[in-house]
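Heads up: the structure comes next, in structure tokens.
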Amino acid sequence: MKFLTVKSRSQAGSVLLVSLMVTAILGLTIASYLLMAQQQNQSVMRSQVWNSAIVMSEAGVEDALAMLNKFNSNFEKLTNWSSSSSISSDNWTAISANTFYVRRYISDSYYDVYVTNVGNTPIINAIGYTPWTYNGGNAPKQTYAAIGNLGEAGPVLTRRGVGVNTRIDPLFNVAMAALEQIDFNGKNVQTDSYDSSNPLYSDGGLYPAAFPDRQRDNGDVVTDLAIINSLSVGNAKIKGQAKTGPNGTLAIGNGSVGGKAWVEGGNIGVQPGHFADDMNVLFPPVQLPSTTWYAVSYYSAGVDIDGVTYNWVINGDGDYYISDLSKPLHVTGNVRLLITSKIALNGANDSIYISLGSTLKLYMYGATAAIGGLGVVNPSGNAANFYYFGLPSNTKLTFGGNNSFYGVIYAPQAAFALGGGGSDVYDFVGSSVTRSVRMNGHYNFHYDEALKNNGMGRGYIPTSWKEM
């Protein structure tokens, strides 16, 4: 027997209502998920475009730094970037006497860069633009108005800017620097500093020997060497910092390293905070200036100047060369001098004399240079009036003059030996950068801090970075 079941209308209506509700919930869930996925995709795309814009602005900064450092291998021309003919050939435009501009495209993105030269501390402003091309959903463009340029034809452009301050990384920013070992050899060496450009820390631009209160304690001694006893301080008194390469150490006996008060207070050893083993600096090789060098006339009988006989005489600005400098030299004018073979000034009266008001930049191509006798006579007392540049072929420099030395030495491939007779004290006023240092005499090193601002350096480096 079959039984016939008949549903009531109320039951059928309930099933239909439940089915509709389940379907609505499922539809709403799917719609919500799709909307969430769309929004997530938009967020990811926005983040990618936002990050791409900062990459473009950073590319602009790199472009600007490349322009600033076009002469970083030529110390004398480092600051000449703004007057270089390559400014226009590289598509930069001078929009004022001190401001330069360029726009460069990379695919559908681009950057604008402005470089403003303020006292050889250029300021870089770079703005990167990246198109926002996402078309999904119905989100209005105003959603991204904070980073876009509205009202334009085509895609909205995302924009981010970066401001960078720069400065020259000075070539001479310590009293003594070396790539390898510095050995003071127990010669009672002392270092300190002054600033010839500041009357508060000099004596009319000279080292303030008679004014101890004007003497400063930035007579740093540093080496890149990373071994035990990289820097043999011995009984030296270093008013400043001592630094070695990573894991390098000091060999210190009765010496003192620290601030002025620490050293002059009779303290032995290193004042806390005045030693570090983080020295890791590249010293670029010297590049010979591209110029025409003219031969200097040699006078076998000598030329009398103020009662002194000189065999080599330069009288006037220019670029000159001497093959073998083994007789006294007198220089008048702003002179660059190339020595192609050797320097051997060994006679008691031998010297390189730089007359008042003159400057000499000596480029040493030969392997060895020995400066004895009266040494380099620089009556101005200004270290910036004499520069010794040792080219990569110059591997040995011996200094044993019987007078104080006022000048700057940069010979990163040369072993530097300093001598002096007896117990006399000789002053070295200026700065030195060499491969190694070996003391054979008693010297007082007075570092002229003004050399940091002479325009010579390893290149322009960023000092601060901020998003605009």
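The values are calculated or read from the model by the stated rules, or taken from the named source; none is laboratory data. Note that the coordinates shown come from a computational prediction; the quantities given were computed from them, not determined experimentally. We place every Cβ from the backbone using ideal geometry, glycine too, and count neighbours over all the protein chains shown.
Of everything in region 305-339 that's assigned to a strand (DSSP E or B) and acidic (D, E), which residue is farthest from Y294 (Cα to Cα)?
Selected residue: D324.
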- Hey, does region 273-284 have a residue that's in the same structural domain as S326 (by TED's automatic domain parsing), touching a strand residue (DSSP E or B) at 6+ places or on another chain (Cβ under 7 Å) and among the polar types (S, T, N, Q)? no
- Considering only region 48-100, how many residues are within 24 Å of the chain's Cα centre (by Cα), over 25 Å from L288 (Cα atoms) and among the polar types (S, T, N, Q)? 3
- Only one residue in V425, V433, V408 is at negative phi, at pLDDT below 95 and among the β-branched types (V, I, T). Which one? V425
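Conditions (1) out of contact with any strand residue (DSSP E or B) (no Cβ under 8 Å at 6 or more places or on another chain); (2) at pLDDT 95 or above; (3) outside the structural domain of G373 (by TED's automatic domain parsing); (4) basic (K, R), marked per residue:
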residue: G307; (1), (2), (3), (4): yes, no, no, no
residue: K327; (1), (2), (3), (4): no, yes, no, yes
residue: H330; (1), (2), (3), (4): no, yes, no, no
residue: S341; (1), (2), (3), (4): no, yes, no, no
- Task: Any residue in region 68-85 that's among the basic types (K, R): show its pairings with residues that are surrounded by 18 or more Cβ atoms within 10 Å (Cβ to Cβ) and part of a helix (DSSP H, G or I) at Cβ separation under 6 Å, as long as the two are six or more apart or on different chains.
- Result: K70/W81
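Yes or no: region 245-255 includes at least one residue that is of a type in the set (G, A, S) and within 28 Å of the chain's Cα centre (by Cα).
So the first thing to find is which residues in region 245-255 are of a type in the set (G, A, S), and the list is 245, 248, 251, 253, 255.
Cutting the leftovers down to within 28 Å of the chain's Cα centre (by Cα) gives us 245, 248.
Looking for residues that are of a type in the set (G, A, S) and within 28 Å of the chain's Cα centre (by Cα), one finds at least one in region 245-255, hence yes.
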- Message: Taking the condition of being loosely packed, with under 15 Cβ neighbours inside 10 Å and among the small types (G, A, S), how many residues in region 241-250 meet it?
- Response: 0
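Taking V376, is it of a type outside the set (S, T, N, Q) and more than 28 Å from the chain's Cα centre (by Cα)?
yes
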- State which residue is farthest from Y447 (Cα to Cα) when the search covers only region 257-290 and only residues that are modelled with pLDDT of 95 or more and among the polar types (S, T, N, Q). N267
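Could you tell me whether any residue of region 293-308 is under 29 Å from the mean Cα position of the chain (by Cα) and surrounded by fewer than 20 Cβ atoms within 10 Å (Cβ to Cβ)? Show your work before the answer.
So the first thing to find is which residues in region 293-308 are under 29 Å from the mean Cα position of the chain (by Cα), and the list is none.
The answer is no, given that none of the residues of region 293-308 is under 29 Å from the mean Cα position of the chain (by Cα) and surrounded by fewer than 20 Cβ atoms within 10 Å (Cβ to Cβ).
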- Query: Among the listed residues S432, S436, S393, which satisfies the condition of being part of a loop (DSSP other than H, G, I, E, B) and either surrounded by fewer than 24 Cβ atoms within 10 Å (Cβ to Cβ) or not hydrophobic (A, V, I, L, M, F, W, C) (or both)?
  - Reply: S393
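When region 47-98 is examined, which residues are found to be assigned to a loop (DSSP other than H, G, I, E, B) and surrounded by 13 or more Cβ atoms within 10 Å (Cβ to Cβ)? Give the derivation first.
To start, the set of residues in region 47-98 that are assigned to a loop (DSSP other than H, G, I, E, B) comprises 69-74, 84-85, 90-92, 95-98.
Answer for region 47-98, where residues must be assigned to a loop (DSSP other than H, G, I, E, B) and surrounded by 13 or more Cβ atoms within 10 Å (Cβ to Cβ): N69, K70, F71, N72, S73, N74, S84, D90, W92, N98.
Just the residues that are within 23 Å of the chain's Cα centre (by Cα) and surrounded by 21 or more Cβ atoms within 10 Å (Cβ to Cβ), please, taken from region 192-215. Reasoning before the result, please.
Quick first cut of region 192-215, residues within 23 Å of the chain's Cα centre (by Cα) only: 192-198.
Selection gives D192, S193, Y194, D195, S196.
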- Message: Considering only region 171-183, I want to know if a residue exists there that is at pLDDT below 95, assigned to a loop (DSSP other than H, G, I, E, B) and on the phi > 0 side of the Ramachandran plot.
- Response: no
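Residue check: is L231 under 14 Å from E449 (Cα atoms), assigned by TED's automatic domain parsing to the domain that holds Y443 and of a type in the set (A, V, I, L, M)?
Numbers: under 14 Å from E449 (Cα atoms): no; assigned by TED's automatic domain parsing to the domain that holds Y443: yes; of a type in the set (A, V, I, L, M): yes.
No; evaluated as a whole, the condition is false for this residue.
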- Task: Take region 288-308 and flag every residue that is closer than 27 Å to F71 by Cβ and either among the charged types (D, E, K, R) or touching a Lys or Arg at 6+ places or on another chain (Cβ under 7 Å) (or both).
- Result: P289
- Only one of (1) in a loop (DSSP other than H, G, I, E, B); (2) modelled with pLDDT under 95 does not apply to L418, and that is (1)
- What residue, among those in region 380-390 that are of a type outside the set (A, V, I, L, M) and closer than 11 Å to T359 by Cα, is surrounded by the fewest Cβ atoms within 10 Å (Cβ to Cβ)? S380
